[in-house]
Amino acid sequence: MKITAPISTPAEVEPLVRAGARELYCGVVPPDWIQRFNTSGVNRRVFGNLNGYADLERVVDKATALDAEVFLVLNAQQYGEQHLDALTEIGARFRSIGGKAAIVADISLIASLAANVPDLDIHVSSVATCRNVESARFFAALGANRIILPRDVTVAEIAAITTELPELDVEAFVLNDGCVFEEGACHTVHLPMNKGGPICIDNYQFEYQATGGGQPHERALRRLEQNDLDYKRWLWYRFGNGFSVAPNGYPWGPCGTCAMPAMHAAGVHSVKIAGREGASERKIKSVELVARVLERIEAGEPEHAVREFAVGLRDAPSHCASGYMCYYPEVRSRQATGDAEGKVLTAV
Amino acid sequence: MTSTQHTPTPDSTTRPIELGFALVDERELAAFAHHDRLTRDDYLDQLGEARDYVTVPDGAEPTHFFLGSEFCEHLLPSVESIDRAVALCERWGLAFGLVTPIACDGLFDPLRAALARLPAGSEVTVNDWGVARLVQREFPDLRPVAGRLLGKMLKDPRLPSATWARMYPNGLRAGPFRDILDGLGIGRLELDFPPFGAADMYAGIDFPVGVRAPYGYIAKGRICKLGSLSLDTPEKFSPGHKCRRECLGFNEVGARPGTHELHTSQRGNTMYYRHAAGMAAAVAEAVRNGWVNRIVLSGA
């Protein structure tokens, strides 16, 4: 199992690889893109991109020298048809300088890259919301080599895909940055904070209504309000415990480190650390944290010992016990209830 | 890559506009069952006050009735409800369609059971590429329609201006998109009308287009606040749990303080905006121009 880490400058390559990342992903806004299309939206993030092709080449050169691979994000949820040729050219240029794969969500771009840049691997972005076996087969048929699963899948769901499609690499989130909505079904932009920021933490003031009109009765309202308080607490965890770090420098926020033994057993190829826009120090500490857990798995330590180690790494097990900081909360629940079989939960 | 030319969207002067209603809560079928036939007013009445934000063209009468959720895997109707809806549609003389969401693997067997109940030629609104594949491979006599979740476009009601909207164009006219839909046997698109949209946004799309009205969806999650209401605290806000469908009983309505943005609401895992009068007019213009040939009424 490899660690996939975000970068936004060439200077981050060496410390991240030294910390344990074998795969790096980055975005770039080519200098002529904004002039041509009047937008900086080459990928899902406006910020956190490399400055241009020269930086991209430096990143690939440095990573190759350290035996790491580089992936380029071209993962806007959708592109206009006028963008496809330019994006395909970016993909071809990236491949020509030694880039390994493009991370893509838009099905038209996947098809275009597969047809025109056949030696560039295609990783289906989490933004494509591919989270079942049939969907993975669909993307594999389009030319995908890897599926990056969205947030909010269970380890059992991951295992279903890895079992059915062993030829396809599967990457799953392990640390940092949580969306509330499914990325592929959230049709908003992250506005500047003075205009509201991400919609999931914007200042909407909602009131409950009963279906058919009127307010819910008092007892229901009390339960709803208590649920809202729990939700606010979950949101705090979802956004990095108020965008903070632990005293030892490790990042808070959505985490799947205690699920890594189960993910490893499920055949996950790579674990993804999110946060291209984050500070370099946060990225490095993130990779260190995940690498320490991975070392134990690779050393063959028993699953329960690795889980305990992961929970203890930030020296604040109460956050883990809350269940709200987890990417894979069923692993924590399984441990808490002693369900050694890991019962598979289904939707209905 | 080769592409197939579709029959152009029918011109509204030669073919009447189709009118559908999409019902999510299968329990409400009981109220519909009292009708011997359904009229446009029956459909509009289901929207309550929101009926004022839809412009249904003169002469448009119900042609379709849909059941199911685009947004939640817990809201797939039972086979009993599907049977009932199919029988009602036969009585009303309407075409029936099943609406399906993004699916986890656990939903595929229930989906197979549901799809097996549909008469040949029924539409299935698919919002997951895997479900589209399932329909094509195992139910070739059904007609898949690409739902709103597959027709990606920016729909943020908070955008400060139309300039922002133009920065993120949609790819609905892209050749590969058309070819992929063709390959899956998808012959129709269902779309939203976005904030800062214009009637001609539907022009030149190579498929017949239906528009949902008067609510567009902004975002949907798999994590559901309301669906966690009955769960113990540590189990809330996680995937893969049981759900008591609390979203069918409660809705949240509100706004960002100090703004005059579109009316916004959240039901279960999904945020919606309601069309403003100008948006309804633009959809009507798109119908007049033959760019849209179906309106699907649905609540939020």
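The values are calculated or read from the model by the stated rules, or taken from the named source; none is laboratory data. Since the structure is predicted, the reported quantities are computational estimates derived from the model, not experimental observations. As a convention, Cβ positions derive from the backbone with ideal geometry for all residues, glycine included, and neighbour counts pool all protein chains shown. Note: areas computed on protein heavy atoms with side chains; ligands, DNA, RNA excluded. Shrake-Rupley method; radii C 1.70, N 1.55, O 1.52, S 1.80 Å.
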Leading residue by the ranking (surrounded by the most Cβ atoms within 10 Å (Cβ to Cβ)) among those in segment A:132-151 that are in contact with a Lys or Arg (Cβ under 7 Å, 6 or more places away or on another chain) and more than 7 Å from every other protein chain (Cβ to nearest Cβ) | A:148
Among (1) in a helix (DSSP H, G or I); (2) open to solvent by 20 Å² or more (accessible area, probe 1.4 Å), which single condition is residue B:107 missing?
-> (2)
Among the residues of segment B:168-196, write down those that are buried (at least 21 other Cβ atoms within 10 Å of the Cβ), more than 8 Å from chain A (Cβ to nearest Cβ) and in contact with a Ser or Thr (Cβ under 9 Å, 6 or more places away or on another chain).
-> B:178, B:190
For segment B:252-266, enumerate the residues that are within 9 Å of chain A (Cβ to nearest Cβ) and aliphatic (A, V, I, L, M).
-> B:253, B:255
Restricting attention to segment B:143-174, which residues are farther than 21 Å from residue A:127 by Cα and part of a helix (DSSP H, G or I)?
-> B:162, B:163
Counting residues that are within 15 Å of the chain's Cα centre (by Cα), closer than 30 Å to residue B:281 by Cβ and of a type in the set (A, V, I, L, M), which strands (runs of 3 or more DSSP E) fully inside segment B:16-103 reach at least 3?
-> B:18-23
Under the condition of being away from chain B (no Cβ under 14 Å) and touching a Gly at 6+ places or on another chain (Cβ under 6 Å), which residue from segment A:68-116 is farthest from residue B:177 (Cα to Cα)?
-> A:70
How many residues are of a type in the set (S, T, N, Q), open to solvent by less than 60 Å² (accessible area, probe 1.4 Å) and either under 23 Å from residue A:263 (Cα atoms) or away from chain B (no Cβ under 14 Å) (or both) when one looks only at segment A:1-52?
-> 4
When residues of segment B:12-26 are limited to those that are surrounded by 12 or more Cβ atoms within 10 Å (Cβ to Cβ) and of a type outside the set (A, V, I, L, M), the one modelled with the lowest pLDDT | B:12
Taking residue B:73, is it within 30 Å of residue B:239 (Cβ to Cβ), open to solvent by less than 40 Å² (accessible area, probe 1.4 Å) and of a type outside the set (A, V, I, L, M)?
-> yes
Report, by residue number, each residue of segment B:136-158 that is more than 30 Å from residue A:195 (Cβ to Cβ) and facing chain A (nearest Cβ under 9 Å).
-> B:137
Only one of A:95, A:131, A:146 that is among the basic types (Lys, Arg) and touching a residue at least 60 places away in the same chain (Cβ under 8 Å) = A:146
Restricting the search to segment A:203-224, which residues are more than 23 Å from residue B:257 (Cα to Cα) and more than 8 Å from chain B (Cβ to nearest Cβ)?
-> A:212, A:217, A:218, A:219, A:222
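Yes/no per residue for (1) without any contact (Cβ under 8 Å) to a residue 24 or more places away in the chain; (2) open to solvent by 10 Å² or more (accessible area, probe 1.4 Å):
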{"site": "B:219", "(1), (2)": "no, no"}
{"site": "B:247", "(1), (2)": "no, yes"}
{"site": "B:257", "(1), (2)": "yes, yes"}
{"site": "B:279", "(1), (2)": "no, yes"}
Considering every residue within segment B:263-272, establish whether at least one is open to solvent by 40 Å² or more (accessible area, probe 1.4 Å) and either assigned to a loop (DSSP other than H, G, I, E, B) or closer than 17 Å to residue B:191 by Cα (or both).
-> yes
Residue B:235 fails exactly one of (1) surrounded by 23 or more Cβ atoms within 10 Å (Cβ to Cβ); (2) within 9 Å of another protein chain (Cβ to nearest Cβ), namely (1)
Please state which one of B:199, B:203, B:116 is away from chain A (no Cβ under 12 Å), small (Gly, Ala, Ser), farther than 26 Å from residue B:88 by Cβ and open to solvent by 20 Å² or more (accessible area, probe 1.4 Å).
-> B:203
The listed residue being closer than 18 Å to residue A:330 by Cβ, touching a helix residue (DSSP H, G or I) at 6+ places or on another chain (Cβ under 7 Å), modelled with pLDDT of 95 or more and within 10 Å of chain B (Cβ to nearest Cβ), out of A:154, A:129 | A:154
Would you check if residue A:164 is open to solvent by 10 Å² or more (accessible area, probe 1.4 Å) and assigned by TED's automatic domain parsing to the domain that holds residue A:269?
-> yes
Report yes if residue A:280 is surrounded by fewer than 18 Cβ atoms within 10 Å (Cβ to Cβ), of a type in the set (Ser, Thr, Tyr) and within 20 Å of residue A:8 (Cα to Cα), otherwise no.
-> yes
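Residues are listed down the side, and each one gets a yes or a no for (1) crowded, with 19+ Cβ neighbours inside 10 Å; (2) part of a helix (DSSP H, G or I):
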position: A:234; (1), (2): yes, yes
position: A:237; (1), (2): yes, yes
position: A:248; (1), (2): no, no
position: A:253; (1), (2): yes, no
position: A:260; (1), (2): yes, yes
position: A:263; (1), (2): yes, yes
position: A:268; (1), (2): yes, no
position: A:287; (1), (2): yes, yes
Within segment B:273-300, work out how many residues are assigned to a helix (DSSP H, G or I), closer than 28 Å to residue A:183 by Cβ and among the β-branched types (Val, Ile, Thr).
-> 1
